[in-house]
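The values are calculated or read from the model by the stated rules, or taken from the named source; none is laboratory data. Keep in mind it's a predicted model, so treat the numbers as computed, not measured. Note that we place each Cβ from the backbone using ideal geometry, even for glycine, and neighbour counts take in every protein chain shown.
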Amino acid sequence: MSKIGFIGAGNMATAIIGGIIEAKVFAAGKVFVYDILHEKVADLHKQFGVKATDSVKELVESVDTIVLSVKPQTFVDVLEGIKDHVNKDQTIISIAAGITTERIAKFLPHNTIIRVMPNTPALVGEGAAALYSGNASIIAMDSAVQIFEAVGIAVVVDDEGLIDTVTAVSGSGPAYYFLMMEAMIAAGIKLGLDEDTAKKLVLQTAKGAAVLACNSDDQPAELRRKVTSPGGTTAAAIKAFEDGNIDELVEKALTAARNRSVELSG
């Protein structure tokens with residue numbers, strides 16, 4: 001890879017920049033950053049040694065790959081600002097939620113466009129990202145995958161509509177687990193634990209379960225069965241979840257998220 005530029009220096013861009021430099025996907029001197037908040041760019045320069053740029057024009061004309069990491073509401077303005085400076089050989093990577101490749105191509109019709117749905121655990125190097133492109137070469141897609149694997153895992157989907165499903169599963173997914181943590185902490189407190197103890201136990205249990213699942217050859221269902229002795233305490237809790245139709249509730253929640261993603265992309 002040659003040079004990469006980030007338009008937008010928010011938390012996700014910062015996480016990716018840190019990841020690609022640490023993983024040696026790009027040297028710090030090959031990473032360019034622009035943000036309307038110049039202090040953010042200055043902070044990244046101090047932290048990682050990246051190249052600070054004063055304008056989108058300067059950034060675009062300095063790099064081979066452009067990562068659009070701006071909020072959806074400012075996305076069109078950014079496209080308007082770069083369209084006259086982009087050349088057809090540059091790859092465009094967008095991590096803006098709800099912005100389709102077709103919409104980007106209206107401004108940048110001659111470019112390779114890759115749409116990515118990352119998630120916030122990328123901030124701690126444990127992200128999950130899905131990538132889609134209708135026109136990227138194998139080399140371009142492999143390069144993009146390498147970028148996002150620097151902060152977690154990355155998968156490629158062959159239908160842009162699946163990005164809406166990915167949004168529901170992993171894009172919004174961390175919030176579901178946080179909600180479960182909240183509920184377990186609250187229940188622990190109600191059952192007699194102090195808040196600090198309940199929080200420590202719940203968070204470590206969530207972390208331990210996730211690490212175990214990620215490192216086991218068993219499917220989550222089998223891991224659950226191994227913890228659940230017939231007639232025991234876990235079985236009583238699982239029955240309560242099942243009586244509340246947890247499978248149906250989760251499907252309903254993910255479907256709602258997927259449908260909302262479709263609406264926002266329309």
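Among the candidates Gly188, Gly231, single out the residue that is outside any helix (DSSP H, G or I) and not assigned by TED's automatic domain parsing to the domain that holds Val116.
Values: Gly188 fails: outside any helix (DSSP H, G or I).
Result: Gly231 is the single residue among Gly188, Gly231 that is outside any helix (DSSP H, G or I) and not assigned by TED's automatic domain parsing to the domain that holds Val116.
Checking the condition surrounded by fewer than 12 Cβ atoms within 10 Å (Cβ to Cβ), within 20 Å of the chain's Cα centre (by Cα) and either at pLDDT 95 or above or closer than 30 Å to Gly98 by Cα (or both), which residue from Lys239, Lys207 passes?
Values: Lys239 fails: within 20 Å of the chain's Cα centre (by Cα).
Of the residues listed, the single one that is surrounded by fewer than 12 Cβ atoms within 10 Å (Cβ to Cβ), within 20 Å of the chain's Cα centre (by Cα) and either at pLDDT 95 or above or closer than 30 Å to Gly98 by Cα (or both) is Lys207.
Is it the case that Ala130 is within 20 Å of Ala9 (Cβ to Cβ), within 17 Å of the chain's Cα centre (by Cα) and buried (at least 18 other Cβ atoms within 10 Å of the Cβ)?
On the way: within 20 Å of Ala9 (Cβ to Cβ): no; within 17 Å of the chain's Cα centre (by Cα): yes; buried (at least 18 other Cβ atoms within 10 Å of the Cβ): yes.
No, not satisfied.
With respect to Ala154, determine if the residue is farther than 30 Å from Ser137 by Cα, aliphatic (A, V, I, L, M) and within 22 Å of the chain's Cα centre (by Cα). It would help to see each step written out before you state the result.
Working: farther than 30 Å from Ser137 by Cα: no; aliphatic (A, V, I, L, M): yes; within 22 Å of the chain's Cα centre (by Cα): yes.
No: the conditions fail for Ala154.
Output the residue which, of all residues in segment 56-86 that are of a type in the set (S, T, N, Q) and touching a residue at least 60 places away in the same chain (Cβ under 8 Å), is surrounded by the fewest Cβ atoms within 10 Å (Cβ to Cβ).
My answer is Thr65.
With the checklist (1) surrounded by fewer than 14 Cβ atoms within 10 Å (Cβ to Cβ); (2) closer than 27 Å to Glu126 by Cα in hand, flag the one item Asp89 doesn't pass.
(2)
Tell me whether segment 182-191 contains one or more residues that are modelled with pLDDT of 95 or more, within 10 Å of the chain's Cα centre (by Cα) and either over 24 Å from Asn259 (Cβ atoms) or of a type in the set (A, V, I, L, M) (or both).
To start, the set of residues in segment 182-191 that are modelled with pLDDT of 95 or more comprises 182-191.
From what's left, within 10 Å of the chain's Cα centre (by Cα): none.
No, every residue in segment 182-191 fails to be modelled with pLDDT of 95 or more, within 10 Å of the chain's Cα centre (by Cα) and either over 24 Å from Asn259 (Cβ atoms) or of a type in the set (A, V, I, L, M) (or both).
Only one of these is among the polar types (S, T, N, Q), more than 23 Å from the chain's Cα centre (by Cα) and crowded, with 19+ Cβ neighbours inside 10 Å: Thr53, Thr14. Name it. Lay out the reasoning, then the answer.
Numbers: Thr14 fails: more than 23 Å from the chain's Cα centre (by Cα).
The unique qualifying residue is Thr53.
Quick check on segment 2-10. Is at least one of its residues within 17 Å of the chain's Cα centre (by Cα), assigned to a loop (DSSP other than H, G, I, E, B) and either at positive phi or of a type in the set (D, E, K, R) (or both)? Please lay out each step first, then the result.
In the first step, residues of segment 2-10 are kept if they are within 17 Å of the chain's Cα centre (by Cα); the result is 6-10.
Restricting the remaining residues to those that are assigned to a loop (DSSP other than H, G, I, E, B) gives 8-10.
With the extra rule that they be either at positive phi or of a type in the set (D, E, K, R) (or both), the set shrinks to 8.
Looking for residues that are within 17 Å of the chain's Cα centre (by Cα), assigned to a loop (DSSP other than H, G, I, E, B) and either at positive phi or of a type in the set (D, E, K, R) (or both), one finds at least one in segment 2-10, hence yes.
Does at least one position in segment 211-221 carry a residue that is in contact (Cβ under 8 Å) with a residue 12 or more places away in the chain and surrounded by 13 or more Cβ atoms within 10 Å (Cβ to Cβ)? Spell out how you get there, then give the answer.
Restricting attention to segment 211-221, the residues satisfying the condition of being in contact (Cβ under 8 Å) with a residue 12 or more places away in the chain are none.
No: segment 211-221 contains no residue that is in contact (Cβ under 8 Å) with a residue 12 or more places away in the chain and surrounded by 13 or more Cβ atoms within 10 Å (Cβ to Cβ).
Filter segment 251-266 down to residues that are farther than 15 Å from Gly171 by Cα and assigned to a helix (DSSP H, G or I) and give me whichever is modelled with the lowest pLDDT.
Pass one, segment 251-266, residues farther than 15 Å from Gly171 by Cα: 251-252, 263, 266.
Checking which are assigned to a helix (DSSP H, G or I) leaves us with 251-252, 263.
Values: Glu251: 98, Lys252: 98, Glu263: 90.
Here the answer is Glu263.
For segment 214-227, give me each residue that is touching a helix residue (DSSP H, G or I) at 6+ places or on another chain (Cβ under 7 Å) and within 17 Å of Met184 (Cβ to Cβ).
Step one: filter segment 214-227 for residues touching a helix residue (DSSP H, G or I) at 6+ places or on another chain (Cβ under 7 Å), giving 216, 220, 223, 227.
Within segment 214-227, Val227 is the sole residue that qualifies.
Within segment 167-198, work out how many residues are free of Cβ contacts under 8 Å to residues at least 60 places away in the same chain and buried (at least 17 other Cβ atoms within 10 Å of the Cβ).
Within segment 167-198, the subset free of Cβ contacts under 8 Å to residues at least 60 places away in the same chain is 170, 173-175, 177-198.
The next check asks that each one be buried (at least 17 other Cβ atoms within 10 Å of the Cβ); those that pass are 170, 173, 184-185, 188, 198.
Here the count works out to 6.
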